Amino acid sequence: MIGDVYNNIRFSGFDGHPEEVAAVRNLMGALEIARDKKTGQPFDSNLKVGDRFARSTRRNGLIVRPLGNSVALAPPQICTEGDLAQIDDRIPQSADEVGSLARADQARN
């Protein structure tokens with residue numbers, strides 16, 4: 001998942017344009033956490049799903065930045081395939097945990 005993204009990115013647009021860009025050193029990705037993946041229906045903002053997700057990933061040894069119902073990821077490009085595999089393993093664990101809790105909280109409200 002994450003490894004595929006890094007392996008498939010092409011920076012051909014930087015070939016001479018703009019001249020001021022000397023190097024691309026890292027990338028940022030984001031995950032949107034929705035109540036319904038198909039429709040994109042969000043969780044209520046008072047559930048602070050992004051914050052919950054960030055706390056969960058931290059317990060699993062991964063740091064992400066919460067942004068509302070999304071979280072930002074910024075692994076350095078020096079990550080090994082093993083590092084990226086660990087990220088791929090930890091993100092779904094947190095998504096399962098947070099999604100289940102948020103759905104239960106949403107149903108109570």
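The values are calculated or read from the model by the stated rules, or taken from the named source; none is laboratory data. Given the structure is predicted, the values throughout are model-derived calculations rather than measurements. SASA here: full protein model, heavy atoms, side chains in, ligands and nucleic acids out. Shrake-Rupley method; radii C 1.70, N 1.55, O 1.52, S 1.80 Å.
Name the single residue, out of those in the range 69-109 being among the polar types (S, T, N, Q) and either open to solvent by 60 Å² or more (accessible area, probe 1.4 Å) or over 17 Å from the mean Cα position of the chain (by Cα) (or both), that is nearest to F43 (Cα to Cα).
Checking each candidate, the answer is Q106.
Can you confirm whether the range 48-62 contains a residue that is among the polar types (S, T, N, Q) and either part of a helix (DSSP H, G or I) or open to solvent by 70 Å² or more (accessible area, probe 1.4 Å) (or both)? Yes.
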